[in-house]
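Here's the structure we're looking at; comments come further down.
The values are calculated or read from the model by the stated rules, or taken from the named source; none is laboratory data. Bear in mind that the values here come from a model prediction, so they are computed numbers and not experimental data. Every residue, glycine among them, receives a Cβ derived from its backbone with ideal geometry; neighbour counts consider all protein chains shown.
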Amino acid sequence: VYNTASRKIEEFKSIEENKVGMYVCGLTVYNDMHLGHARTYIAFDVIRRWLEYLDYEVTFVQNHTDIDDKIIKRSNQENVKFEELTKKYIERTQEDLERLQVNTPTIMPKATDYIEEMVTIISDLIEKGNAYVTSPAEGALAPDVYFDVHSALDKFGTLTGQKLEDMRAGSRVAVDERKKHPADFVLWKGAKEGEPRWDSPWGKGRPGW
C-alpha cells in the first residue's frame, strides 16, 4: 500500500495480528449525500472487502457529524429541531449506502453521543499547551477554544506534505483576529442565543471541526 506519511509503497502490516481498524469520516448530515461522498464510501468499502478476503477481522468506524453550523442553519430554515433534521438525513444516508451495496460499518457513532469525551480531550489539549481559550465570538454567550498549530509544528503536514508557511490564510479555516495563527482551528464553539449547547469548563457550547 502507499504510505502517505513516508511517501512510499510499503508492505501492509497490521498493528494487531489479523485485525485491522478503519476510520472513515462520515457525512455532516444536513443534506443528502452526493457523488463525491459515494465515491469515498465505495472506495473504502472495496479496501475493507479486500482485507476481509485476506482473513483480517476489520472494525470499520464511520461517524455522523450531527452538530455543525450548516446543520443549525438548515434546521432554522426548515423550522425543525436539529435532532429531527439529522435523524432524517442519517436515515437517508444509510438508505443510499444500501442502494450502493456498501457494507454497513461496524460502528456508526454520532458526534453528539460523545460530547463528554470531546470536552475531556479538549481540556487535556489546553493543559498540554496545544489549545487555548479565546474571548467569545460576536453574539456568542461563551468563549471558543482553538487548537494551536504552532504547538505541533514537528507533526504538522505529516500526512498531507503541506508546510504551514505555504498555506493560504482563509482557504480552509476562517480568518479570525482572536486566533494566534490563521491556521488555528476551532475545537469548541461558544453557543449563541437559541443554538444547541452543552456544558463545558468554558461555558455552554458545542464541538467545532
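When each of THR120, THR59 is tested for being of a type outside the set (A, V, I, L, M), surrounded by fewer than 17 Cβ atoms within 10 Å (Cβ to Cβ) and not in a helix (DSSP H, G or I), the lone residue that passes is THR59. Restricting the search to segment 136-170, which residues are modelled with pLDDT under 95 and of a type in the set (Ser, Thr, Tyr)? Across segment 136-170, the qualifying residues are SER151, THR158, THR160.
Consider segment 41-52 and keep the residues that are free of Cβ contacts under 8 Å to residues at least 40 places away in the same chain and touching a strand residue (DSSP E or B) at 6+ places or on another chain (Cβ under 7 Å). The one that is nearest to ARG99 (Cα to Cα) is PHE44. Residues in segment 1-17 that are in a loop (DSSP other than H, G, I, E, B), closer than 24 Å to GLN162 by Cα and of a type outside the set (A, V, I, L, M, F, W, C): THR4, SER6, ARG7, GLU10. Against the numbered list (1) polar (S, T, N, Q); (2) over 30 Å from GLU16 (Cβ atoms); (3) assigned by TED's automatic domain parsing to the domain that holds CYS25, THR65 comes up short only at (2). Would you pick out the residues in segment 1-59 that are farther than 30 Å from LYS88 by Cβ and of a type in the set (S, T, N, Q)? Result: ASN3, THR4, SER6, SER14, ASN18.
In this structure, does LYS81 turn out to be closer than 26 Å to ARG206 by Cβ, outside the structural domain of PRO196 (by TED's automatic domain parsing) and of a type in the set (D, E, K, R)? Judged against the criteria, LYS81 is a match.
Scanning segment 17-46 for residues that are crowded, with 16+ Cβ neighbours inside 10 Å and either among the charged types (D, E, K, R) or more than 19 Å from the chain's Cα centre (by Cα) (or both) returns VAL20, ASP45.
Filter segment 91-117 for residues that are surrounded by 17 or more Cβ atoms within 10 Å (Cβ to Cβ), touching a His at 6+ places or on another chain (Cβ under 9 Å) and aliphatic (A, V, I, L, M) and give the result. ALA111, the sole residue that qualifies.
Count of segment 188-206 residues, restricted to those that are touching a Ser or Thr at 6+ places or on another chain (Cβ under 7 Å) and surrounded by fewer than 16 Cβ atoms within 10 Å (Cβ to Cβ), is 1.
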